[in-house]
Amino acid sequence: SGEQHLGWLLDPLPVDARVVLSATDQTCPEAWRMLPAMKIQPLSSRDARSLLRVWLGNTKTLITSEQEVKLISNGKATVSPLPIVLIAKYLASDSNATTLGSRIEACVNCQCVKDIVCLILERQEVETESDGFKGFVAQVLSLIACSANGLSVSEVIHLAPAPLTVWTPLYYALIDRHIVAETAGLLRPTSEQVCQAIREKYMPLSEQRNSCYQQLAKFFQERLCSVTNRLSDELPRILCTLDDKGKLQEVISNVFVFIRLYRRGRCSQLVRYWQVTGADQVGMAQHYCDAIGRLQEGDASTDKLKRVACLYENVGRFLRDLGLMSQVSL
């Protein structure tokens, strides 16, 4: 629903901005029904076979018409392009023609995207972990899946150290097999279905997920001395997931984290984080004002006073948006 899932969307949008949204007949708001739309139907058997041929042709993997029919006859797993592409990538993951029949049988037994992803990951483990790096694939994908917006290559290498001879083939294989995609310099699962498959395979227990979140939280907390957009996007959400209210309040109380979020239109996120901590809005606003006041102490150089004035201006706009200006003493 629009009310539940689109609170982050700016209204009105910038003039040149365009947004592509998907909705089912049941969840599509009435106002959207008049907008230009494209209705997407499940793949027919003919379309599924054509798509499979194209992707197998790109990898020079040859199968017979009977094998095509056998793969596509599993209707539950082949009604959309994603599982077709994943099946093609799995079949092409081994150049040994003698094992092609067993790989096809494994795909036929898959009931959903998660099953196909697990086949690819098992194959990836065999390729990557043969050099003694047992659990490396699980470690890398767990970190990526637990991050809020994905991780950069340098972040992954820092969190899961390995020789480039191990990491580089894994990096290219995960992208080629449509397990992760690199967008804006960040590696993230290609879809929610793939992300869910990673979580269920490698982190079925809450303790395993929490351990991964804690590793990410520690990594970003160590970088609080120099606040970046990456840190302000990742760290509060990770602490929120861990339900660590004390550390969450400490992080969002940082005026530089506030600025990074507020200037990019993350006002609703800020308010939601404070709600998680249990603090009221008046206390939140006063805290920011007091923190900026402390920055004025000591050095009174012109550059510092300009920065403080800029912080006051942004906090003032934030308070005005929330209707709290009259309740806070600056």
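The values are calculated or read from the model by the stated rules, or taken from the named source; none is laboratory data. Given the structure is predicted, the values throughout are model-derived calculations rather than measurements. When the accessible area is computed, the model is the full protein with side chains, heavy atoms only, and any ligands, DNA or RNA have been set aside. Shrake-Rupley method; radii C 1.70, N 1.55, O 1.52, S 1.80 Å.
Beyond a 23 Å Cα-Cα separation, which of these cross-linked pairs lie in this structure: K39/K89; K218/K245; K247/K306; K60/K89; K89/K201?
Details: K39/K89 27 Å; K218/K245 15 Å; K247/K306 29 Å; K60/K89 11 Å; K89/K201 19 Å.
Pairs exceeding 23 Å: K39/K89; K247/K306.
Using only Cα atoms, locate the centre of segment 185-205 and the centre of segment 217-271, then give the distance between them in Å, rounded to an integer. Between the Cα centre of segment 185-205 and that of segment 217-271, the gap is 23 Å.
For the chain, with all protein chains present and a 1.4 Å probe, just round the carbon and sulfur fraction of the accessible area to a whole percent.
On the way: 9850 of 18470 Å².
Summing carbon and sulfur atoms, their accessible area is 53 percent of the total for the chain.
On a per residue basis, the chain carries 56 Å² of accessible surface, using protein heavy atoms and a 1.4 Å probe. The sum of -39500 (n - 2.57) across all DSSP H runs of n ≥ 4, divided by the residue count of the chain, sets its helix-only mean residue ellipticity at 222 nm to -18500 deg cm²/dmol. Distance from the Cα centroid of segment 140-174 to that of segment 39-91 is 29 Å (rounded to whole angstrom). Under the definition of Cα pairs under 8 Å and six or more residues apart, what whole-number percent is the relative contact order of segment 25-130? Relative CO of segment 25-130 lands at 27 percent. What are the membrane-span-like helices in the chain by this rule: whole DSSP H runs, Cα extent along the axis at least 27 Å, mean Kyte-Doolittle hydropathy at least -0.5? Sorted by number, the helices that extend far enough and score high enough are 302-322.
When its C-alpha radius of gyration is set against 2.2 N^0.38 Å (N residues), segment 86-170 gives a value of 1.22.
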